[in-house]
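*Asks:* The structure that follows is given in the form of structure tokens.
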């Protein structure tokens with residue numbers, strides 16, 4: 001008994017620990033109302049529906065037992081059951097209590113899971129939009145219908161369980177007979193069971209009636225368009241009247257079952273039930289099939305067009321794409337003035353050469369500083385002001401990396417190494433002469449003046465912070481290291497849960513399965529435990545009714561680092577709007593490599609979505625703040641009623657934060673997927689399928705996944721200035737030419753924020769899409785050979801984001817090319833690919849590539865510094881050995897070009913080997929000359945910079961011979 005009591009107490013404390021730690025955490029983040037509202041709703045639903053189910057089943061078992069017949073002249077069947085009755089008799093009450101408790105617990109647990117449905121039904125706010133078929137407010141389908149369906153399902157379950165329990169009880173006590181002669185059921189059993197069957201059939205009648213409204217949100221496979229939601233011709237003209245007729249039949253059938261209380265015969269109810277089943281087959285199945293076959297298919301477009309128009313309008317409204325502007329775009333420039341085109345190219349966009357999805361290893365290598373720091377695999381793009389001008393900036397946080405700590409143990413992992421430190425940022429549009437990022441925020445502690453320069457740099461909450469930490473107690477934390485040695489700190493924030501209380505320590509020891517929390521001497525007065533530390537986890541916990549964007553991004557705001565998280569309200573009940581699966585729609589080539597950036601967990605289908613909330617998480621204190629963003633969203637208004645005080649009004653967003661808010665990627669991915677079909681507004685074109693587009697695969701890799709959208713400051717046709725935008729390209733279904741260029745204004749706080757523009761390319765001629773452009777890059781002989789040379793030795797070539805910019809009727813494509821070589825583990829920007837109007841360039845800098853493509857120098861092009869631009873001929877050396885080697889290199893290069901023109905690959909290979917040998921001789925001779933000059937106190941003619949990034953020539957055959965030199969000899 002002692003062991004049993006201890007086991008029960010242990011189980012009770014385990015359950016208590018889970019509840020108690022949850023309560024402490026919600027209280028620590030000041031969202032205890034979310035915890036109490038959610039918990040009270042679940043408890044209320046559990047007890048109400050659990051009790052209803054238990055009472056329904058229990059009452060019917062009791063009634064069946066009460067209506068049992070006297071056991072006189074028992075048959076053989078009853079004699080065989082007698083021993084069961086005798087064994088049950090002493091425990092009847094306990095058996096009844098056990099059965100009712102079991103079904104009550106199951107029903108209650110199921111009902112508790114419907115807390116969202118209940119809260120939306122109770123707090124539902126009207127959309128003030130009516131569906132086109134039944135003219136009911138959209139809120140009926142979004143908030144009311146799901147609850148009615150749950151109630152109906154509960155009613156069916158209660159009726160079926162009660163019927164089974166009553167039938168078994170009647171059989172056990174002789175009210176029903178299977179093998180005995182005479183009547184199969186007593187009058188009491190007949191009346192009882194017929195009433196239960198009548199309730200079941202009555203519920204079926206209600207189901208038929210609700211099914212009528214369900215047609216407005218029903219999904220079906222429509223071969224003309226694929227996934228379809230809403231009524232079609234056959235639904236409105238066959239299924240809808242069929243459901244009404246079946247409703248009437250079910251009502252009559254239910255009345256016949258109830259009538260057996262007086263008639264005491266099953267004849268009419270059975271006939272009625274058979275009629276209902278036959279009607280369901282003929283009216284509900286066969287008749288619609290006949291209508292579809294003989295009325296719809298011969299003239300499908302004419303029949304379906306009115307319903308397609310309803311679907312078009314509803315879908316565009318539900319996904320926020322109804323304001324999309326589709327503009328015809330020529331796809332080719334007619335301007336003859338190349339100088340003007342070249343100048344326009346500079347103003348069309350701030351071309352971002354630094355790809356945030358490629359350069360994370362470069363940040364890691366150059367700015368990691370300590371092994372126990374790390375950057376996310378995908379960095380972020382934001383805007384920061386420098387010298388009074390906004391510029392696109394690639395930004396990442398130096399977060400904690402436990403895999404890099406010197407020695408892994410419980411104290412180090414959870415007490416000493418607790419946080420990251422500092423922001424690292426670089427210009428998005430530039431790289432230095434060696435291909436490295438031009439950092440605007442760097443070193444440890446970070447400096448550079450980002451966000452005003454003075455901000456809290458410690459990062460206790462971040463995307464890579466998955467483990468718990470215990471801070472603020474007697475154990476000091478590693479802060480950072482500098483030239484003077486290792487610095488320590490102690491957390492001064494109010495985040496986390498205080499562990500001074502022994503009950504709290506015991507609860508967390510159980511909750512985290514870590515007994516050392518209970519007795520460790522490293523925990524003392526002031527110790528606090530931090531957990532749920534990723535921005536996504538924290539926002540999901542305090543707002544479980546929101547769907548969270550896959551990409552949280554950091555910003556330096558108001559003297560602190562804030563994580564900005566976009567959050568969505570969704571519903572699956574918008575009538576006529578087609579559904580989409582978030583996990584599939586938001587997947588692309590980046591999410592395939594890094595699942596944290598996608599809404600992969602959200603595999604549920606939705607047909608309405610709004611970016612209704614902007615959330616922030618303080619990287620130091622962990623404070624979560626929810627700001628209302630879409631002030632008209634009825635779903636958000638509903639949740640605000642359910643959880644009052646949790647969401648701050650939009651007007652409370654400080655301007656410093658507003659400057660860093662942007663249009664979310666996942667929402668744009670959903671919208672672009674819908675726009676592939678719903679950019680058309682007329683039913684005839686929609687049904688023909690002639691204007692169906694698709695999101696192209698990412699041409700820069702072979703993953704086969706969709707190309708991600710890119711943030712870029714650019715100027716759309718007709719606009720006077722650049723705006724921070726999110727862009728993508730679309731291609732025809734099954735082809736690689738370009739159909740459309742899509743951009744959305746991503747600059748929060750502006751009047752055009754969220755405005756989607758589609759530049760539609762002509763269908764009469766072919767305009768190259770991303771895959772064709774990439775193929776053109778790869779197939780041009782001079783570029784292909786240069787790429788081959790860049791890949792020499794152990795070097796690897798990585799393509800950055802292929803950016804598309806509308807320019808004077810044409811499309812400018814720009815792609816940075818990175819090289820990992822010479823034993824380096826990180827990529828450096830080496831070349832830039834540019835194409836426009838059929839002309840292609842592969843040069844060391846963007847300016848050079850644009851100059852070559854347009855055949856003119858830009859007015860803003862700065863002359864290259866001597867010794868920094870590899871395409872600039874080096875100074876002539878006075879050393880005869882160096883000069884002789886350079887002459888040999890010139891000759892070998894000319895021979896290679898001649899062989900290339902003739903297609904003589906053997907001669908070309910020999911010339912390339914001679915070129916490499918000559919360059920190596922020149923490098924060795926120049927090094928000797930530099931050494932000699934240095935010993936005599938004279939500066940070297942070519943400078944004394946040596947780079948470890950390349951030990952092989954990286955020439956382009958399309959450049960001048962002197963550009964074939966190695967970077968080491970510049």
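The values are calculated or read from the model by the stated rules, or taken from the named source; none is laboratory data. All values reported here derive from a predicted model rather than from experimental measurement. A quick note on method: Cβ atoms are made from the backbone with ideal geometry, for glycine too, and the neighbour counts reach across all protein chains shown.
*Asks:* For region 569-600, how many residues are assigned to a loop (DSSP other than H, G, I, E, B) and either modelled with pLDDT of 80 or more or in contact with a strand residue (DSSP E or B) (Cβ under 9 Å, 6 or more places away or on another chain) (or both)? Outline the logic, then answer.
*Replies:* Here is the first cut: in region 569-600, the ones assigned to a loop (DSSP other than H, G, I, E, B) are 572-579, 586-588, 594, 598-600.
From what's left, either modelled with pLDDT of 80 or more or in contact with a strand residue (DSSP E or B) (Cβ under 9 Å, 6 or more places away or on another chain) (or both): 572-579, 586-588, 599.
Result for region 569-600: 12.
*Asks:* On the given criteria, is residue 97 in a helix (DSSP H, G or I) and either modelled with pLDDT under 95 or closer than 30 Å to residue 314 by Cα (or both)? First the steps, then the outcome.
*Replies:* Working: in a helix (DSSP H, G or I): yes; either modelled with pLDDT under 95 or closer than 30 Å to residue 314 by Cα (or both): yes.
Judged against the criteria, residue 97 is a match.
*Asks:* Further question: May I ask you to list the residues in region 318-328 that are buried (at least 20 other Cβ atoms within 10 Å of the Cβ) and either more than 18 Å from residue 755 (Cα to Cα) or touching a helix residue (DSSP H, G or I) at 6+ places or on another chain (Cβ under 6 Å) (or both)?
*Replies:* Selection gives 319 alone.
*Asks:* Just to check your reading of the model, which residue among 670, 773, 680 is buried (at least 22 other Cβ atoms within 10 Å of the Cβ) and either part of a loop (DSSP other than H, G, I, E, B) or assigned by TED's automatic domain parsing to the domain that holds residue 837 (or both)?
*Replies:* Details: 670 fails: either part of a loop (DSSP other than H, G, I, E, B) or assigned by TED's automatic domain parsing to the domain that holds residue 837 (or both); 680 fails: buried (at least 22 other Cβ atoms within 10 Å of the Cβ).
Going through 670, 773, 680 in turn, the sole match is 773.
*Asks:* Let me ask something else. Can you tell me which of 189, 165 is within 50 Å of the chain's Cα centre (by Cα), crowded, with 21+ Cβ neighbours inside 10 Å, modelled with pLDDT under 95 and assigned to a helix (DSSP H, G or I)? If you could, list the steps in order and put the result at the bottom.
*Replies:* On the way: 189 fails: within 50 Å of the chain's Cα centre (by Cα).
Just one listed residue meets the conditions, 165.
*Asks:* Separate question: Answer yes if at least one residue in region 324-345 is more than 30 Å from residue 849 (Cβ to Cβ), in contact (Cβ under 8 Å) with a residue 60 or more places away in the chain and part of a loop (DSSP other than H, G, I, E, B), and no otherwise.
*Replies:* From region 324-345, those more than 30 Å from residue 849 (Cβ to Cβ) are 324-326; that's our starting set.
Next, from what is left, pick out any that are in contact (Cβ under 8 Å) with a residue 60 or more places away in the chain: 324-326.
Now narrow it down to the ones that are part of a loop (DSSP other than H, G, I, E, B): 324.
Yes, that holds for at least one residue.
*Asks:* Then there's this: Which is farther than 30 Å from residue 236 by Cβ, at pLDDT below 90 and crowded, with 17+ Cβ neighbours inside 10 Å, of 119, 176? Give the steps one after another, and end with the answer.
*Replies:* Numbers: 119 fails: at pLDDT below 90.
Just one listed residue meets the conditions, 176.
*Asks:* With the condition kept exactly as written, say whether any residue in region 486-494 is assigned to a loop (DSSP other than H, G, I, E, B), in the same structural domain as residue 362 (by TED's automatic domain parsing) and buried (at least 17 other Cβ atoms within 10 Å of the Cβ). Outline the logic, then answer.
*Replies:* Filtering region 486-494 down to residues assigned to a loop (DSSP other than H, G, I, E, B) leaves 490-494.
When the remaining residues are screened for being in the same structural domain as residue 362 (by TED's automatic domain parsing), the result is none.
Within region 486-494, not a single residue is assigned to a loop (DSSP other than H, G, I, E, B), in the same structural domain as residue 362 (by TED's automatic domain parsing) and buried (at least 17 other Cβ atoms within 10 Å of the Cβ).
*Asks:* Does residue 32 qualify as being over 30 Å from residue 153 (Cα atoms), surrounded by 14 or more Cβ atoms within 10 Å (Cβ to Cβ) and touching a strand residue (DSSP E or B) at 6+ places or on another chain (Cβ under 6 Å)?
*Replies:* Details: over 30 Å from residue 153 (Cα atoms): yes; surrounded by 14 or more Cβ atoms within 10 Å (Cβ to Cβ): yes; touching a strand residue (DSSP E or B) at 6+ places or on another chain (Cβ under 6 Å): no.
No; evaluated as a whole, the condition is false for this residue.
Here's the yes/no breakdown for (1) part of a loop (DSSP other than H, G, I, E, B); (2) out of contact with any strand residue (DSSP E or B) (no Cβ under 7 Å at 6 or more places or on another chain); (3) buried (at least 20 other Cβ atoms within 10 Å of the Cβ); (4) at pLDDT 90 or above:
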position: 817; (1), (2), (3), (4): no, no, yes, yes
position: 823; (1), (2), (3), (4): yes, yes, no, no
position: 888; (1), (2), (3), (4): no, yes, no, no
position: 897; (1), (2), (3), (4): no, yes, no, no
position: 906; (1), (2), (3), (4): no, yes, no, no
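*Asks:* Looking at (1) surrounded by fewer than 21 Cβ atoms within 10 Å (Cβ to Cβ); (2) part of a helix (DSSP H, G or I); (3) touching a helix residue (DSSP H, G or I) at 6+ places or on another chain (Cβ under 8 Å), find the lone condition where residue 797 falls short.
*Replies:* (2)
*Asks:* Here's something else I'd like to know. Can you tell me which residue is surrounded by the most Cβ atoms within 10 Å (Cβ to Cβ) among those in region 225-274 that are touching a helix residue (DSSP H, G or I) at 6+ places or on another chain (Cβ under 6 Å) and outside any helix (DSSP H, G or I)?
*Replies:* Looking at residues that are touching a helix residue (DSSP H, G or I) at 6+ places or on another chain (Cβ under 6 Å) and outside any helix (DSSP H, G or I), I get 230.
*Asks:* Test residue 315 against the stated conditions and say whether it is modelled with pLDDT under 90 and either surrounded by 17 or more Cβ atoms within 10 Å (Cβ to Cβ) or not in a helix (DSSP H, G or I) (or both). Outline the logic, then answer.
*Replies:* Working: modelled with pLDDT under 90: no; either surrounded by 17 or more Cβ atoms within 10 Å (Cβ to Cβ) or not in a helix (DSSP H, G or I) (or both): yes.
No; evaluated as a whole, the condition is false for this residue.
*Asks:* Restricting attention to region 460-480, does a residue exist that is without any contact (Cβ under 8 Å) to a residue 24 or more places away in the chain, in a loop (DSSP other than H, G, I, E, B) and either within 30 Å of residue 10 (Cα to Cα) or over 32 Å from the mean Cα position of the chain (by Cα) (or both)? First the steps, then the outcome.
*Replies:* Initially, region 460-480 is screened for residues without any contact (Cβ under 8 Å) to a residue 24 or more places away in the chain, giving none.
Checked against the condition, which is being without any contact (Cβ under 8 Å) to a residue 24 or more places away in the chain, in a loop (DSSP other than H, G, I, E, B) and either within 30 Å of residue 10 (Cα to Cα) or over 32 Å from the mean Cα position of the chain (by Cα) (or both), region 460-480 yields no hits at all.
*Asks:* Here's another thing I want to ask about it. Report whether or not residue 648 is surrounded by 20 or more Cβ atoms within 10 Å (Cβ to Cβ), assigned by TED's automatic domain parsing to the domain that holds residue 558 and either free of Cβ contacts under 8 Å to residues at least 12 places away in the same chain or touching a strand residue (DSSP E or B) at 6+ places or on another chain (Cβ under 7 Å) (or both). Show your work before the answer.
*Replies:* Values: surrounded by 20 or more Cβ atoms within 10 Å (Cβ to Cβ): no; assigned by TED's automatic domain parsing to the domain that holds residue 558: yes; either free of Cβ contacts under 8 Å to residues at least 12 places away in the same chain or touching a strand residue (DSSP E or B) at 6+ places or on another chain (Cβ under 7 Å) (or both): yes.
Criteria not met by residue 648.
*Asks:* Another question, then. Only one of these conditions is not met by residue 174: (1) closer than 30 Å to residue 62 by Cβ; (2) assigned to a helix (DSSP H, G or I); (3) not assigned by TED's automatic domain parsing to the domain that holds residue 240. Which number is it?
*Replies:* Answer for residue 174: the failing condition is (2).
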